[in-house]
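One structure is given here, and the rest of the page talks about it.
What follows draws every value from the coordinates through simple rules; no lab data is involved. Just so you know, these numbers come straight off a predicted model, no measurement behind them. Ideal geometry is used to build each Cβ from the backbone, glycine not excepted, and the neighbour counts take in all protein chains shown.
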Amino acid sequence: MNFIACTLAEHGDAILAIFNEAIATSTALYDYQPRTGDSMTAWFAAKAAGHYPVIGAVDEAGTLLGFASYGPFRAFPAYKYTVEHSIYVHRDHRGKGLGRALLERLLEAARAQDYHLLVGVIDMANAGSIALHEQLGFVHGGTLKEVGFKFGRWLDVGFYQRVLDTPHRPVDG
């Protein structure tokens, strides 16, 4: 397995398929409708504009097995050292340590970009994702009860956070 920087041209369709499978079958995404190719163009453009990584895990043949990224947590300037991350692994490759490997690389990227806090927003029924985050030093920051509704039931979302030792000299403004 190798880790690469994903691009729209090379990985957009595979990322779209992973997103859409998660939308259709899980509460990992609180979307109802499948995403479109155009949405991927906008998604990659937003990642590029914010200098946010899109890290992919590929096999020897170059097939995308999973990906991870982060983006802004909230739009207010004082949140500039905080990012919200997401990790998605293709259904055929879950349970093999890819999520952990991708999250470790996100942590490295966040440190390199001088972020201070990573936030994972996780459906509270997703025990696997919660366990992964806790294994890598994330702590539960709080739960919003019944914040989403999907598959005929109310969903609780938890905020899991990991404080990094960066930046060394944070500034206002």
Open item on the list: Can you list residues from other chains, or at least 5 along the same chain, whose modelled amide H is less than 5 Å from the amide H of Leu65?
Closed with: Ala57, Val58, Asp59
- [ ] Run the dipole for the chain about the Cα centre, Lys and Arg Cβ at +1, Asp and Glu Cβ at -1, nothing else charged, and hand back the magnitude in debye, nearest 20.
- [x] 300 debye
Task: Unit charges at the beta carbon, dipole of segment 1-92: most positive-side option, Gly37, Ala22, Tyr52 - done: Tyr52
Task: Rounded to 5, percent antiparallel among DSSP beta bridges of segment 10-128 - done: 75 percent
Open item on the list: Per residue of segment 157-167, what does 6.51 cos²θ - 1.76 cosθ + 1.60 with θ = phi - 60° give for ³J(HN,Hα)? Whole Hz please, x for Gly and Pro, Karplus curve as stated.
Closed with: 10, x, 9, 10, 10, 9, 7, 9, 8, 10, x
Open item on the list: Residue by residue through segment 74-83, what is 3J(HN,Hα) from phi via Karplus (6.51 cos²θ - 1.76 cosθ + 1.60, θ = phi - 60°)? Round to whole Hz and write x for glycine and proline.
Closed with: 9, 7, 7, x, 5, 8, 4, 9, 10, 10
Open item on the list: Just want the ordering: Glu104, Glu146, from fewest to most Cβ atoms lying within 10 Å of their own Cβ.
Closed with: Glu146, Glu104
Open item on the list: Mean Kyte-Doolittle hydropathy of 0.5 or higher plus an axial Cα length of 18 Å or more: which whole DSSP H helices in the chain meet both?
Closed with: 8-25
Task: Computed lengthening from Lys145 to Arg100, 0.36 nm per intervening residue step minus Cα-Cα distance - done: 13.5 nm
TODO: Search the structure for amide H atoms under 5 Å from the amide H of Glu84, placed 1.01 Å from N in the peptide plane, and list their residues when 5 or more places away or on another chain.
DONE: Gly71, Phe73, Val119
Task: Under 17 Å from Lys150, Cα to Cα: aspartates and glutamates that are on another chain or at least 8 residues apart - done: Glu21, Asp31, Asp123
Task: Cβ-based exposure ranking for Phe149, Phe67, in which fewest neighbours within 10 Å come first - done: Phe149, Phe67
Task: Partners for Lys80 among lysines (Cα-Cα distance below 19 Å; same-chain residues under 8 apart left out) - done: Lys47
